[in-house]
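Chemist: Could you have a look at this structure, given as structure tokens, before my questions?
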Amino acid sequence: MIKVKICGFTNSENARDAAIAGVDAVGLVFYDKSPRNVDIQRAREIVAALPPFVNRVGLFVNANPSFIDEVLCEVPLDTLQFHGDEEAEDCTQYQMPFIKSVRVTTDTNVAQIAENFSEASALLLDSHNPDSYGGTGEVFDWSLARVKIDLPIILAGGLTSENVSDAISQVNPYAVDASSGVESAPGVKDIDKILAFIRSIRS
């Protein structure tokens, strides 16, 4: 069964409602240039509100290791997500499961990146936007994500309840990740949209 990650929560009740609706993983953005950025106190409140068995993912973009250490001391995360230009050694130093995000273009060698980040728990394949690290709502060419690699693939980039089943049929990923496609405003998730998103996946 395909796993569902929803990224960019900013409210604890909203995150809890999403988890109860069937979301497998909740993403918290620790990147101050994002409209979905949360501080440590807010992140602690969101994580504390989650029911059991929901994976708590912290997303970082080219972050200073001391900041990541500070977050990890205060917020009980399960998985780290590196969404910038980090090298493999930047990701492995925390001794935690991690996802490496890749902004895909026609020139992206996904197989080589999978080899470079062989210690990752998964590769997340996302749309490329030169001005933004994710959360843009833009779809990329899914044929570029049909690759044979040893790592699980998480598919992201402009996914909504209208297009996710088509994306899954083309890519057959381990999981899908949505943010802006299930929102009523940046950082505010629409539970009805999440339910429709999950229904499309399960169907």
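Chemist: Which residues, counting only those in segment 95-119, are among the hydroxyl-bearing types (Ser, Thr, Tyr), more than 18 Å from the chain's Cα centre (by Cα) and modelled with pLDDT of 95 or more?
Modeler: Answer for segment 95-119, where residues must be among the hydroxyl-bearing types (Ser, Thr, Tyr), more than 18 Å from the chain's Cα centre (by Cα) and modelled with pLDDT of 95 or more: just Ser118.
Chemist: Applying the selection to segment 142-156, what residues are open to solvent by 10 Å² or more (accessible area, probe 1.4 Å) and either farther than 17 Å from Val57 by Cβ or not hydrophobic (A, V, I, L, M, F, W, C) (or both)?
Modeler: Trp142, Ser143, Leu144, Arg146, Val147, Lys148, Ile149, Asp150, Pro152 - these are the residues of segment 142-156 that are open to solvent by 10 Å² or more (accessible area, probe 1.4 Å) and either farther than 17 Å from Val57 by Cβ or not hydrophobic (A, V, I, L, M, F, W, C) (or both).
Chemist: Same structure again: What are the pairs with Cβ atoms under 9 angstrom where one residue, in segment 175-188, is free of Cβ contacts under 8 Å to residues at least 40 places away in the same chain and the other, located anywhere, is surrounded by fewer than 20 Cβ atoms within 10 Å (Cβ to Cβ) and in a loop (DSSP other than H, G, I, E, B)? Sequence gap at least six, or different chains.
Modeler: Hits for this filter: Ser184/Asp190; Ala185/Pro35.
Chemist: To continue, here is another question. Do we have Ser203 as touching a residue at least 12 places away in the same chain (Cβ under 8 Å) and closer than 20 Å to Gln81 by Cα here? Walk me through how you get there before you give the answer.
Modeler: Numbers: touching a residue at least 12 places away in the same chain (Cβ under 8 Å): yes; closer than 20 Å to Gln81 by Cα: no.
It is false that Ser203 is touching a residue at least 12 places away in the same chain (Cβ under 8 Å) and closer than 20 Å to Gln81 by Cα.
Chemist: Just checking, how many residues over segment 45-70 are out of contact with any helix residue (DSSP H, G or I) (no Cβ under 6 Å at 6 or more places or on another chain) and part of a helix (DSSP H, G or I)?
Modeler: Qualifying residue count, segment 45-70: 8.
Chemist: Is there a residue being modelled with pLDDT of 95 or more, open to solvent by 30 Å² or more (accessible area, probe 1.4 Å) and among the aromatic types (Phe, Trp, Tyr) anywhere in segment 163-174?
Modeler: Yes: segment 163-174 contains one or more residues that are modelled with pLDDT of 95 or more, open to solvent by 30 Å² or more (accessible area, probe 1.4 Å) and among the aromatic types (Phe, Trp, Tyr).
Chemist: Of Ala88, Ala21, Ala111, which residue is touching a helix residue (DSSP H, G or I) at 6+ places or on another chain (Cβ under 7 Å), surrounded by fewer than 18 Cβ atoms within 10 Å (Cβ to Cβ) and within 29 Å of Lys148 (Cα to Cα)?
Modeler: Ala88
Chemist: Condition (residue is closer than 29 Å to Val171 by Cα and hydrophobic (A, V, I, L, M, F, W, C)) applied to segment 39-48: is it met by at least one residue?
Modeler: no
Conditions (1) over 24 Å from Ser121 (Cα atoms); (2) not in a loop (DSSP other than H, G, I, E, B), marked per residue:
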| site | (1), (2) |
| --- | --- |
| Glu13 | yes, yes |
| Arg16 | yes, yes |
| Ala19 | no, yes |
| Tyr31 | no, no |
| Ala43 | no, yes |
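Chemist: Quick check on this structure: which one of Ser118, Ser101 is polar (S, T, N, Q) and more than 25 Å from Arg42 (Cβ to Cβ)?
Modeler: Result of the check over Ser118, Ser101: Ser118.
Chemist: Now for a different question. Within segment 43-80, track down each residue that is open to solvent by 10 Å² or more (accessible area, probe 1.4 Å), over 21 Å from Ala19 (Cβ atoms) and aromatic (Phe, Trp, Tyr).
Modeler: Scanning segment 43-80 gives a single hit, Phe67.
The values are calculated or read from the model by the stated rules, or taken from the named source; none is laboratory data. What you are looking at is a predicted structure, and each value in this text was computed from that prediction instead of being measured. No Cβ is skipped: glycine too gets one built from the backbone with ideal geometry, and neighbour counts run over all protein chains shown. Areas reflect the complete protein model, heavy atoms only, side chains present, ligands, DNA and RNA absent. Shrake-Rupley method; radii C 1.70, N 1.55, O 1.52, S 1.80 Å.
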